[in-house]
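Here's the structure, in structure tokens; my notes come after.
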Amino acid sequence: MNTGPEPEEVLEGRLPVHIFDLPVHEIRMGYRSDVYFWREKLILERDRHNPRVLMQVFQKKHAVLCGVDEALAILQVGTGYYRDLDRAQELFGRLLEIKTEMRKSRYTDRERFLSLVKERYEVESALDEIWVDQFHELRISALRDGDEVEPYEPVMHIEGPAASFAHLETVYLGVLARRTKVATNVRRCVEAAQGKPVLFFAARFDHFSVQGGDGYAATIGGAKAVSTDAGAEWWGSKGIGTIPHALIACYRGDTVLATYKFYEHIAKGTDIKVIALVDYHNDCVGTALEVARKLGRILWAVRLDTSETMVDRSLWEEMMQFDPRGVNVRLVEKVRMALDREGFPWVKIIVSGGFNPQKIALFEEQKAPVDYYAVGSALFEGKYDFTADVVMVNGRREAKKGREYKPMRPHRRRKSP
């Protein structure tokens with residue numbers, strides 16, 4: 001077959017493997033794989049039947065592809081076999097025990113913890129010594145993170161000895177599914193915003209361990225910033241954000257004081273922008289003006305985050321004309337007019353709370369004076385499930401019905417969001 005480029009060629013210009021902090025030994029041992037893929041590898045090795053196959057990867061929707069670089073890193077560290085599998089299983093079992101013991105002793109027995117750290121290094125080194133790397137035997141064609149893809153379009157062809165990478169399917173498909181979902185959802189919001197920046201404020205709606213990859217996927221989708229440092233780690237940036245409602249509560253509901261304390265202890269002398277959260281008292285207009293009057297040029301923006309079950313005080317006399325709940329176009333207009341009227345035209349308006357592509361599009365259609373959209377849980381909605389199929393064996397077509405070989409198209413660079 002030999003359908004794809006050399007591994008070194010396909011890795012050119014990609015994120016380096018160390019970025020991903022992969023659990024290398026768990027990947028190699030199939031610990032994070034569906035058990036049937038690990039058993040496939042064992043059968044092929046034990047039967048000494050190791051045909052050269054071509055694996056075709058695709059999904060079923062129009063999407064913004066992401067996770068390719070991470071999938072390639074998984075193939076890079078996980079393709080191969082253990083020279084002595086019985087010994088590897090013994091060492092790996094001990095490695096799992098060490099990890100458990102380390103979690104137990106970290107806060108109770110420092111001497112024991114440090115001893116386990118040393119032993120873990122020794123066990124991992126012993127596993128590395130009996131690992132036979134076969135990544136160089138693969139030929140891979142792959143699109144790039146950010147490419148726009150069509151339904152059922154192949155995004156990756158992986159060709160090589162079947163047993164060397166059969167156990168990796170669960171891991172790289174899951175990465176592609178997760179990252180593509182986030183990148184696609186962010187892109188839809190970015191497109192709806194028509195050039196206004198979209199902020200990825202979704203970290204608190206999912207497990208903390210996914211922040212690094214999700215933040216990267218968000219930037220591939222076009223997000224201008226993320227809310228956690230971990231979410232910005234892969235490209236060497238930092239998280240951004242306003243003050244939380246909890247800080248205002250700690251200052252007994254004094255939004256002005258809480259915002260000034262943010263300036264005094266965090267933003268002063270730095271390039272960190274001062275953004276006031278102005279919905280604490282359900283009076284966005286009044287609070288925005290109060291903060292602007294007190295802070296003047298220190299204030300960069302106000303953020304509106306009114307609950308979707310609340311009606312802001314400024315709208316109580318207009319409730320029969322439109323749906324007044326939550327953050328709506330009329331509320332944004334009233335805040336903007338009030339700030340401009342009192343001489344604060346530089347203060348930007350950030351909106352959050354229930355925003356998705358549809359709501360952003362509505363705001364843009366009605367020309368809401370929004371400067372930034374902060375989007376949360378909507379960025380985790382939907383699914384973009386990837387599938388991998390063997391479509392060629394030893395150079396001949398061989399595939400499940402309906403999953404025949406399709407040639408790869410050249411990758412298409414993402415549109416500028």
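All of the numbers you see were taken from the coordinates with simple rules; none came from a lab. Computed from a predicted model, the values in this text were never measured in an experiment. In this analysis, Cβ positions are derived from the backbone assuming ideal geometry, glycine residues included, and neighbour counts consider all displayed protein chains.
Overview of values
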read-out	value
Net charge contributed by nearby residues that have their C-beta within less than 15 Å of Glu159 (K/R +1, D/E -1)	-1
Shape category assigned to the stretch 53-143 from the gyration tensor of Cα positions, a/c cut at 1.5	oblate
Gain upon complete extension [Tyr107, Thr387; 0.36 nm per residue less C-alpha separation]	96.5 nm
Estimated inter-spin distance, Phe322 and Asn50, nm [label 7 Å along Cα→Cβ]	6.6 nm
Gain upon complete extension [His245, Arg83; 0.36 nm per residue less C-alpha separation]	52.6 nm
Interatomic Cα distance distribution for the stretch 207-259, bins of 10 angstrom, percent	25, 35, 24, 15, 0
Glu365-Lys273 FRET efficiency (beta carbon distance; Förster radius 30 Å; 0.05 resolution)	0.60
Space enclosed by the convex hull of the alpha-carbon atoms of the stretch 333-399, per residue, Å³	146 Å³
Note, ³J(HN,Hα) from phi for the stretch 212-227, Karplus 6.51, -1.76, 1.60, rounded to Hz, x at Gly and Pro	x, x, 5, x, 4, 4, 4, 5, 4, x, x, 4, 8, 6, 10, 9
Pairwise label distance in nanometres, Val117 with Glu12, each label 7 Å out on the Cα-Cβ vector	4.1 nm
Along the chain, longest interval not containing exposed GluC sites (Glu not before Pro), exposed being DSSP loop plus at most 16 other Cβ atoms within 10 Å	13-307
Residues with amide H under 5 Å from that of Phe386, placed H, sequence gap 5 or more	Ala177
Nearest 10 degrees, 0 to 90: helix 85-105 Cα axis against the chain principal axis	30 degrees
Summed side-chain charge close to Lys406 - residues other than Lys406 whose Cβ falls under 12 Å, Lys, Arg +1, Asp, Glu -1	-1
Cα-based shape type of the stretch 183-380, given that a ≥ b ≥ c are square roots of the gyration tensor eigenvalues and the cut on a/c is 1.5	oblate
Alpha-carbon spread of the stretch 265-417, three principal axes, descending order, Å	74, 46, 25
Gyration tensor over alpha-carbon atoms, the chain, equivalent ellipsoid semi-axes in Å	49, 27, 16
10 Å beta-carbon shell around Ile243, net charge (K/R +1, D/E -1)	+2
Which of Ser307, Ser33 has the fewest Cβ neighbours within 10 Å, and the rest in rising order	Ser307, Ser33
Helix-only mean residue ellipticity at 222 nm for the chain, each DSSP H run of n ≥ 4 adding -39500 (n - 2.57), per residue, nearest 500	-12000 deg cm²/dmol
0 to 90° range, to nearest 10: angle between helix 110-129 axis and the chain longest Cα axis	50 degrees
Helix 68-78 vs. the chain, principal-axis angle (Cα, 0 to 90°, nearest 10)	40 degrees
Set Lys181/Lys359; Lys196/Lys261; Lys294/Lys334; Lys181/Lys348; Lys268/Lys294; Lys196/Lys238 screened for pairs whose C-alpha atoms are more than 22 Å apart	Lys196/Lys261; Lys181/Lys348
